[in-house]
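Undergrad: Can you keep this structure in mind? I'll have questions shortly.
Values quoted throughout were computed directly from the atomic coordinates according to the rules given, and no laboratory measurement underlies them. All values reported here derive from a predicted model rather than from experimental measurement. Please note: Cβ atoms are built from the backbone with ideal geometry, for glycine as well, and neighbour counts cover all protein chains shown.
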Amino acid sequence: MRYLSTRGGMPPARFTEILLGGLAPDGGLVVPEAYPRVDAARLARWRRLSYAELAFEILRLYIDDIPGADLRELVARTYTARTFGSEEITPLRALEPGLHLLRLSNGPTLAFKDVAMQLLGHLFEYVLAKEGRELNILGATSGDTGSAAEHAMRGRRGIRVFMLSPHGRMSPFQTAQMFSLDDPNIFNIAVDGVFDDCQDMVKAVSADLAFKQRYAIGTVNSINWARVVAQVVYYFKAWFAATTDDSQRVSFAVPSGNFGNVLAGHIARAMGLPIARLVVATNENDVLDEFFRSGRYRPRAAAETHQTSSPSMDISKASNFERFVYDLVGRDPARVSALWRALDERGEFDLAGTPEFARLADYGFVSGASTHADRLATIRETRARYGVTIDTHTADGVRVAQRWREPGVPMICLETAQPAKFADAIREAIGEEAPRPPGYEDLENRPQRFERMGADVGALQRFIAERCAAGGAAQGPAAKRG
């Protein structure tokens with residue numbers, strides 16, 4: 001398996017050569033040369049596998065430069081009942097006939113990001129040890145990626161994590177999960193701005209090839225290919241759990257911000273999984289919904305990005321969207337480059353009326369947006385009807401899913417986090433506290449350590465350089481207090 005850039009300017013590379021990086025050298029995103037196809041016979045064989053066994057079978061199609069025995073061991077160490085709470089790893093719960101909830105939030109940080117990030121921690125450590133290298137991970141988070149990355153990488157040899165988040169825009173629980181960590185290889189940076197400012201800073205540092213090389217900058221954001229392919233696994237696992245017939249189609253509803261989670265569903269569908277619809281659910285930041293309805297992709301400025309009760313989706317520039325557009329335009333890197341030049345110059349591009357947009361229906365995508373009132377109503381209804389409390393992001397997905405259900409086609413709604421992470425909204429919706437897993441009772445009261453910074457790329461580079469020169473010493477007494 002070889003990997004290319006969506007913009008065509010990267011020589012073909014193997015998995016371990018692209019694992020530790022983020023953007024391709026030409027500013028594009030890394031994609032596989034082709035998606036492996038899975039036929040009905042193989043699907044039938046896979047139906048009997050455990051989660052770890054299934055993950056190995058899927059991942060080895062994309063990772064052929066790590067010996068099979070080593071990859072199998074890494075996967076087996078990742079997907080355990082001890083880490084994820086059950087042997088199923090991502091259990092499927094039937095809410096009613098034809099409507100299911102895929103429970104993805106049973107990992108260490110109570111969010112779906114753990115499913116991929118725990119694997120990344122093992123893969124990174126394995127490759128770095130083989131090559132005798134160190135890595136400085138630079139990431140941006142709107143809420144869950146940061147804590148999942150830090151908990152997966154804390155204490156790992158040869159790895160430092162520099163994680164940017166928008167100051168004051170995450171839930172108190174999400175903030176405390178990150179800022180209360182005191183591991184010497186973890187650095188939290190609270191940026192005065194929105195998530196897109198954080199993401200732009202990460203991209204700018206990654207685009208400075210000299211700095212990136214000197215300080216061995218890598219990423220765990222959803223632009224990291226290994227994260228995306230790890231998420232493909234639970235689409236297959238959910239399909240097996242929801243069907244008995246190997247030709248039965250299902251649909252998935254996915255709360256969407258940076259587009260990585262639903263992109264994994266697109267890849268599963270391209271591999272041959274019988275998926276009818278991929279429902280893209282947004283909140284008030286409805287850039288993706290606008291595209292799938294109209295063909296116009298128009299990211300919003302920071303001042304136009306709403307702060308909502310589903311904050312992990314308060315994103316207007318969906319980084320992984322470029323990977324889907326690459327497929328939509330026939331995997332033509334020149335066309336992708338032209339579209340992103342238009343995006344840089346005019347702030348948008350529009351595919352309405354083009355042959356590419358006419359083909360959109362072939363990919364199964366539909367979309368919808370949800371509001372704060374919608375979320376609260378959906379949380380109340382789900383609790384009353386099914387006895388299940390869902391978080392605000394999952395509520396966006398369930399709300400939009402109801403518009404796109406089809407008779408005879410199971411709808412699987414992807415849970416993204418446990419409700420305890422968004423306690424204020426849950427309290428507003430149902431009038432009581434969200435249930436908390438053991439060990440998280442006093443999380444927000446723990447000491448918090450972070451550095452506050454303006455949206456300044458130069459300041460970020462200096463911060464990284466100083467910490468690397470100091471040998472990775474933790475943020476000291478001068479670090480800001482939450």
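Undergrad: For the chain, give the magnitude of the charge dipole about the Cα centre (Cβ charges: +1 Lys/Arg, -1 Asp/Glu; no others), in debye to the nearest 20.
TA: Approximately 640 debye in magnitude.
Undergrad: What lysines does K113 reach when the alpha-carbon gap must be under 21 Å and sequence neighbours fewer than 8 apart in one chain are set aside?
TA: K203, K237, K317, K421
Undergrad: If you average the alpha carbon positions of segment 70-114 and of segment 413-467, how far apart do those two centres end up, in angstrom?
TA: One Cα centre to the other: 21 Å.
Undergrad: Quickly work out the E17-to-Y440 label distance, labels modelled 7 Å from Cα along the C-beta direction, and quote it in nm with one decimal.
TA: 4.1 nm
Undergrad: Show me the trypsin sites (Lys or Arg not before Pro) within segment 16-90 that DSSP assigns to loop and that have at most 12 other Cβ atoms within 10 Å of their Cβ.
TA: R37, R48
Undergrad: By average Cβ neighbour count within 10 Å, what is the ranking of 439-449, 19-29, 414-424 from highest down?
TA: Ranking the peptides 439-449, 19-29, 414-424 by packing returns 414-424, 19-29, 439-449.
Undergrad: Using a ≥ b ≥ c from the Cα gyration tensor of segment 256-363 (square roots of the eigenvalues), is it rounded, prolate or oblate, where a/c under 1.5 gives rounded and otherwise the larger of a/b and b/c decides, a/b for prolate?
TA: Oblate is the answer for segment 256-363, as a/c is 1.5 or above yet b/c matches or exceeds a/b.
Undergrad: Can you order the peptides 183-193, 262-272, 358-368 by their average number of other Cβ atoms within 10 Å per residue, highest first?
TA: 262-272, 183-193, 358-368
Undergrad: Then there's this: Pull out the extension gain between E406 and R60, defined as 0.36 nm times the separation in residues minus the alpha carbon to alpha carbon distance; nm, one decimal.
TA: Value of the extension gain: 121.2 nm.
Undergrad: Give the relative contact order (percent, whole number) for segment 1-105; include only Cα pairs under 8 Å separated by 6+ residues.
TA: 20 percent
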